[in-house]
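Okay, so here's the structure we're looking at.
Only the coordinates and a few stated rules stand behind these numbers; no lab work does. Computed from a predicted model, the values in this text were never measured in an experiment. Using ideal geometry, Cβ is built from the backbone for each residue, glycine included, and neighbour counts are taken over all protein chains shown.
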Number of protein chains: 4
Amino acid sequence: MDQVPAAVRTDLALEAREMLTKQVREDIPGVLVETSEDEDVLITRVNITTPEAERMMGKAKGSYITLEAPGLRYKNTPLQEKIMNFLAVELAGMVNLPRNATVLVVGLGNWNVTPDALGPRATHKIVVTRHLQEMLSPELKGGVRAVCAISPGVLGITGMETAEIIQGIVNNIKPSLVIAIDALAAASSQRVITTIQLANTGIHPGSGVGNKRFGLTQASLGVPVVAIGVPTVVHASTIAMDTINTLQEHAAFGRYFKSMANLSDQDRQTIVRQVLPDILGDLMVTPKEVDRLIEDIAAVVAGGINQAMHPNIDYENIHMYLH
Amino acid sequence: MDQVPAAVRTDLALEAREMLTKQVREDIPGVLVETSEDEDVLITRVNITTPEAERMMGKAKGSYITLEAPGLRYKNTPLQEKIMNFLAVELAGMVNLPRNATVLVVGLGNWNVTPDALGPRATHKIVVTRHLQEMLSPELKGGVRAVCAISPGVLGITGMETAEIIQGIVNNIKPSLVIAIDALAAASSQRVITTIQLANTGIHPGSGVGNKRFGLTQASLGVPVVAIGVPTVVHASTIAMDTINTLQEHAAFGRYFKSMANLSDQDRQTIVRQVLPDILGDLMVTPKEVDRLIEDIAAVVAGGINQAMHPNIDYENIHMYLH
Amino acid sequence: MDQVPAAVRTDLALEAREMLTKQVREDIPGVLVETSEDEDVLITRVNITTPEAERMMGKAKGSYITLEAPGLRYKNTPLQEKIMNFLAVELAGMVNLPRNATVLVVGLGNWNVTPDALGPRATHKIVVTRHLQEMLSPELKGGVRAVCAISPGVLGITGMETAEIIQGIVNNIKPSLVIAIDALAAASSQRVITTIQLANTGIHPGSGVGNKRFGLTQASLGVPVVAIGVPTVVHASTIAMDTINTLQEHAAFGRYFKSMANLSDQDRQTIVRQVLPDILGDLMVTPKEVDRLIEDIAAVVAGGINQAMHPNIDYENIHMYLH
Amino acid sequence: MDQVPAAVRTDLALEAREMLTKQVREDIPGVLVETSEDEDVLITRVNITTPEAERMMGKAKGSYITLEAPGLRYKNTPLQEKIMNFLAVELAGMVNLPRNATVLVVGLGNWNVTPDALGPRATHKIVVTRHLQEMLSPELKGGVRAVCAISPGVLGITGMETAEIIQGIVNNIKPSLVIAIDALAAASSQRVITTIQLANTGIHPGSGVGNKRFGLTQASLGVPVVAIGVPTVVHASTIAMDTINTLQEHAAFGRYFKSMANLSDQDRQTIVRQVLPDILGDLMVTPKEVDRLIEDIAAVVAGGINQAMHPNIDYENIHMYLH
């Protein structure tokens, strides 16, 4: 039965659809796609609308919006600000948040593992305001939402599932919305650091760089959960798999093969295991400059959230509004 | 009415009693004190037993145990291990914990402010085991308690009171005991980094380096709370106050004074404000090497807790016991 | 013979002069002083012009410029930029640097000790360009000086005197100017983080937070050395000494004393040693938020140097000028 | 002409030889190889003895010793100590160092890029003693060599070639030996973090993770230079190339191919470029836990150097020997 091949791991709905479409060579029923673009950025909206589409895609039903901007690889302040604004608009559009809503931002991932540290680093740049509500001047009361934020740390550090911690806090704080930020894995190295995905589906077990085994979803937390993710790695096995596919697909190499078309899945696995023995654990492909790149993209993600939460405020100078 | 003078700030029950005793020149009713010592360490047990004693001391009713070991200032592995063992014994004696108890360790304080980072740094060194319970071999099941740990971050970072976060987690995880680790302020610079205080009273509003305005107590959390603290700073105003006291107390300087004995509290404050204008915010006195010293003492505190929780286990090699 | 009292330690020529003037109650021969100010900043120029003035002040002959801006304590971007510009102007005026000069910036101090880390942190923010000279477009060749930078680490980390390392590099690189950045100690807590001192005298043995025992001077290196320093601490003994002085100086407290005026230097030392026993090593008074404050002031210092070195360049976008 | 294929990048002489041998299917003239092993570690000694061998191998003439211990991937203190001892023995054997020699340890690489930070992190753990020589008790004078250490930072941080900085310091300090520690790239992911290479050839332009363009050799510095390196990454292109090779080499896959044997080098490059577009810059394959693994292996490297330098000293307690 058609589904995204297990060997290639991607957290992007966009890529799951690309792979599936290539495989079945037609549109996937129940998956709606829309794109728009300008010279800097391509926006893709993927909607998974049926249980059958959910199964084929290996992704939960819901709406996935992807901003792709290859230029984010380079230090480029105007582009970063543009993407930040686009992210703010898409986030504001995805949720319908009253002016006086309380929002909890959760930074997932392990701060000790650089490619998994996007969540904690972006969360650190969130402008938290929930504790300042009484100090706001009257004219601001309506313009600054009550935002709070936490990076709880991963299971190996806390001994608690992230979902256990967040559930407890949600029960106590009663936010209207949870925004979860996480590092993702992509299938294509070009999308690393250059792509931001928003999803109104929350976080599902097994996704993310660290393979967290819990869910942060409306079902588990009782409030809507928006997930914002950026791919920071490609699994090394994906590179090996890609190489095989490239050999296979390019007519130019046809003269070498009898019948690569029917290279079995098992043989593919054998090759990948040969190149990348299991003993090594997860091997990740990252840009050499991943520390700096994650710092930069964390600022874009946090900036987009800050702006969506406090649209009329110059948040750099938010302290000036306090009395 | 007699009480510890407001101008001198100390989080140590030991020091509160010292100051009060000096002032009233007699024992304080309702405050029981016991000491024991060897060549390396002085252990003082202060019990505050009555509401009147509570008011005079400015400290909650309960039991406070202080380990003082001046040698902790110097890199000295055998002494560190000895104090770690003493701490484990005192902690085990203070709580009566069943073998299968779940314990939540909470690291208070701000990881971005070195002298306030003791809690987060010690918590990072706690051996967490709660998530490994099913992986333990049968012979170990009884010897490894279910420990989990979190450093939630301070109000200015999360927008949530620490107590709100911890309450939520406690409700969800249902531990038998909370251990809260925090950096303290001492009145005497000799006690900085060399003293560990355990208290079965939990954390009360306003204590700690960061002046957190919340409580982590049995009353607020519904489970017993043991606080473990180490003074990492002296408030600069205490140095000024101490200087005045020293001038006053030493007969040798008597020839300079007419009647320092009745130097008014208001005049003292005037002098301190002159030397340390309010505009500067909290000025802290710390050893120059505070970064290294906090790293070392955090290891002692975490080691003592680890050992009290898993008394029969060589926790360095705990991974060997997993299957 | 009159000189700055040994017990009070300051690295600021400004404060040395203040103390000395108070003591001798007249102007000091050979020390010229000029001030100018606006609502935000007070600029003081102290020139030590004779060997006798040098001895009395305990500071080398030469020119010391101090920018004092109490507002630097608070996050305030416009003020930070203003001070950065003032620093750039004063630095450019102090040295007469040809367009094609090579400049070596040296960050002194220990990056593991927060209040001593100003030098390394500011140096990290210097725009280095020496290695890019061949890549500059022709129209830029004249506008970008060849700047290089290093933070060598302190004696305890390298086993080498900083002067040995820098001499070696200077002999090889042959810069026209060395700029040495260092954390200083002030006598007054109000000057901590709010004051920047430039001196054309270089760094002399024994100054700085870490009490480095070497010199970086034109005499030792063979090229002019400008020192840029910011006080990040007050020695705790200074607080104690200040308290005694305040008691003594304020007529309001006169009723308590017979004759504090002739409190001997030895008695002062006895009191300070009582309050701050030697065993503790160097106790420093710092603002609680010293980590953040040093990060901010390091950006001001580095920004001022960057601008003085590359006056016509928008250095944020310097990469755009490369081909 | 036979040489190690350019597309596969390795800094290990061991791997260069493996690849070349596979290609030419015979021993390489002028390359001598010896191995010895036990259950934990395989030691390989490769000697490149002729200019022709140098050209074929793409590695300088000299002696390369490799310690391979797959168990280093796992936290395992006894194995780490064993490898540390082996490294000390090999290092001591490679150089013939008088008791009173001065040794300069240089940590190459960029501390801001985790997989390139091995040099700085190991250097930080070196016991420096050069500044303590006068404080040593007489019985120790002979047992503690004068060791100094520096991590100068990379060209993009300092604006100076590392060789320029080190030359200057060497001229001033006049050590008998320079030991340069650097992160390497391997061809095989199994060797990442598990292999240590010593070479008496120094560091040659273009090697290392950061592709430094300078040399640290006896020719450039005037003193012997030993390089100690650990592979921390595999270039992503190597994974792609390996996948092609695996397909080609395994008879099991023969049925798919007509004639993969003569897949041209150009076609290989085309495939790799397809999978890993140049635009992405250097993509590195690292274990997810690279931060922790580098910390651990840095301790092994530094420990081996410390022990080789001060063979009779319990260097953990070196401070006890000072007077």
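Taking Cα pairs under 8 Å and at least six residues apart, what relative contact order does region D:88-153 come out at, in percent? Write down the numbers at each step before the final one.
Numbers: 88 pairs, mean separation 28.0, N = 66.
Averaging sequence separation for qualifying contacts and normalising by length gives 42 percent for region D:88-153.
Measuring against 24 Å, Cα to Cα, the residue pairs B:LYS75/B:LYS125; B:LYS22/B:LYS59; B:LYS125/B:LYS174; A:LYS82/C:LYS125 contain A:LYS82/C:LYS125 as the ones spanning a longer distance. Within 10 Å of the Cβ of each residue in D:159-166, the mean number of Cβ atoms contributed by other protein chains is 6.
Counting other Cβ atoms within 10 Å as a rough exposure proxy, the listed residues D:GLU37, A:GLU18 run D:GLU37, A:GLU18 from fewest neighbours to most. Distances between equivalent label points of B:GLY93 across the copies, with each point positioned 7 Å along Cα→Cβ, amount to 5.5, 6.7, 6.8 nm, shortest listed first.
Put simply, the amide H of A:VAL233, placed in the peptide plane, has neighbours under 5 Å in A:LEU184, A:ALA186, leaving out anything fewer than 5 places away on its chain. For the rotation that carries chain C onto chain A, the axis lies closest to a Cβ at C:GLU295, 7, where the number is the distance in whole Å.
Label-point spacing at A:PRO311 relative to the other copies reads 4.7, 6.2, 7.6 nm, in ascending order, each point sitting 7 Å out from Cα along Cα→Cβ.
Using the Kirkwood radius over C-alpha pairs as Rh, can you work out the diffusion coefficient of region A:67-167 via Stokes-Einstein at 4 °C, viscosity 1.567 mPa s, in µm² per second?
On the way: Rh = 16.0 Å.
The estimated diffusion coefficient comes to 81 µm²/s.
Please compute, over every Cα-Cα pair in region C:1-129, the percentage with a separation greater than 22 angstrom. Can you show the working numbers first?
On the way: 4273 of 8256 pairs.
Cα-Cα pairs of region C:1-129 separated by over 22 Å account for 52 percent.
Extension gain, D:GLU26 to D:THR50, is 6.9 nm, computed as 0.36 nm per intervening residue step minus the present C-alpha separation. With label points defined 7 Å past Cα in the direction of Cβ, position B:GLU134 shows copy-to-copy spacings of 4.5, 6.2, 6.6 nm, given to one decimal and shortest first. Once C-alpha pairs closer than 8 Å and six or more residues apart are averaged by separation and normalised to the residue number of region B:5-157, the relative contact order reads 16 percent. For region C:176-205, backbone nitrogen atoms closer than 13 Å to the point 7 Å from C:ASN96 Cα along Cα-to-C-beta are found at no residue.
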